[in-house]
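Chemist: Have a look at the structure that comes next, please.
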Amino acid sequence: MRHRLLLPALASALLLASSLAGGPVRAADAGPPGASSCTGCHAAKRIPDSVIPRIAGRKASDIVQFMREYRSGAWPSSVMGRIAKGFDDQQIDAIAAWFAAQPE
Ligand code: HEC
């Protein structure tokens, strides 16, 4: 009877593993860890009349500078200050490089 109990446990372990890995349907070009949390707002596609600035195709050094200033509070923001606090310098560098490489 043991295998009856094992199956649900295995299923939830798999579910946990895939959610930790960023989900089972993570696209190949989803970028470095964290980048997919940006694209929900900073969409890859241009959205007419959006209040959210476009960052795809921008200079990586500009994105890095914005993120550091949002994080420290040196640059005022509505949401970015809180978001930027969740990322360290290395993550910001990787995400900025990825956005810079995306089509404008
Ligand atoms: C909840 C939506 C949202 C998410 C998620 C988000 N942003 Fe933003 N972002 C904004 C808004 C809105 C602004 C305008 C400043 C503000 O009000 O916070 C902005 C501004 C920026 C700017 C400045 C662009 C400019 O020209 O002024 C950069 C760079 C940026 N975000 C990078 C990122 C990165 C990198 C991530 C992922 C780690 C991210 N954002 C996640 C909404 C979001």
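Chemist: Any chance you could count how many residues in region 40-71 are free of Cβ contacts under 8 Å to residues at least 24 places away in the same chain and among the β-branched types (Val, Ile, Thr)?
Modeler: The total comes to 3.
Chemist: Of the residues that sit in region 28-43 and are more than 6 Å from the ligand (Cβ to nearest atom) and not aliphatic (A, V, I, L, M), which one is nearest to the chain's Cα centre (by Cα)?
Modeler: Ser36
Chemist: Report whether or not Glu69 is in contact with a Phe, Trp or Tyr (Cβ under 8 Å, 6 or more places away or on another chain), farther than 17 Å from Pro32 by Cα and among the charged types (D, E, K, R). If you could, list the steps in order and put the result at the bottom.
Modeler: Details: in contact with a Phe, Trp or Tyr (Cβ under 8 Å, 6 or more places away or on another chain): yes; farther than 17 Å from Pro32 by Cα: yes; among the charged types (D, E, K, R): yes.
In short, yes.
Chemist: Separate question: Can Val51 be described as near the ligand (Cβ under 8 Å from one of its atoms), loosely packed, with under 11 Cβ neighbours inside 10 Å, at pLDDT below 95 and of a type outside the set (Gly, Ala, Ser)?
Modeler: In short, yes.
Chemist: What do you reckon, is Arg46 over 12 Å from the mean Cα position of the chain (by Cα), modelled with pLDDT of 95 or more and either of a type in the set (D, E, K, R) or away from the ligand (no atom under 11 Å from the Cβ) (or both)?
Modeler: No; evaluated as a whole, the condition is false for this residue.
Chemist: Okay, moving on. From Ala56, Ala74, Ala43, which residue is in contact with a Phe, Trp or Tyr (Cβ under 6 Å, 6 or more places away or on another chain) and assigned to a loop (DSSP other than H, G, I, E, B)? Reasoning before the result, please.
Modeler: Working: Ala74 fails: in contact with a Phe, Trp or Tyr (Cβ under 6 Å, 6 or more places away or on another chain); Ala43 fails: in contact with a Phe, Trp or Tyr (Cβ under 6 Å, 6 or more places away or on another chain).
The conditions single out Ala56.
Chemist: Then there's this: Spot the failing condition for Arg68; the list is (1) assigned to a helix (DSSP H, G or I); (2) near the ligand (Cβ under 7 Å from one of its atoms), and only one is missed.
Modeler: So the condition that Arg68 fails would be (2).
Chemist: Note down all Cβ pairs under 6 Å where the first residue falls in region 91-104 and is within 11 Å of Asp62 (Cα to Cα) and assigned to a loop (DSSP other than H, G, I, E, B), the second is of a type outside the set (Ser, Thr, Tyr) and at pLDDT 95 or above, and they're at least six residues apart or on different chains.
Modeler: Once the first residue is within 11 Å of Asp62 (Cα to Cα) and assigned to a loop (DSSP other than H, G, I, E, B) and sits in region 91-104, no partner that is of a type outside the set (Ser, Thr, Tyr) and at pLDDT 95 or above comes close enough.
The values are calculated or read from the model by the stated rules, or taken from the named source; none is laboratory data. Keep in mind that what you see is a predicted model, and the values were worked out from it rather than measured. All Cβ positions, glycine included, derive from the backbone under ideal geometry; neighbour counts span all protein chains shown.
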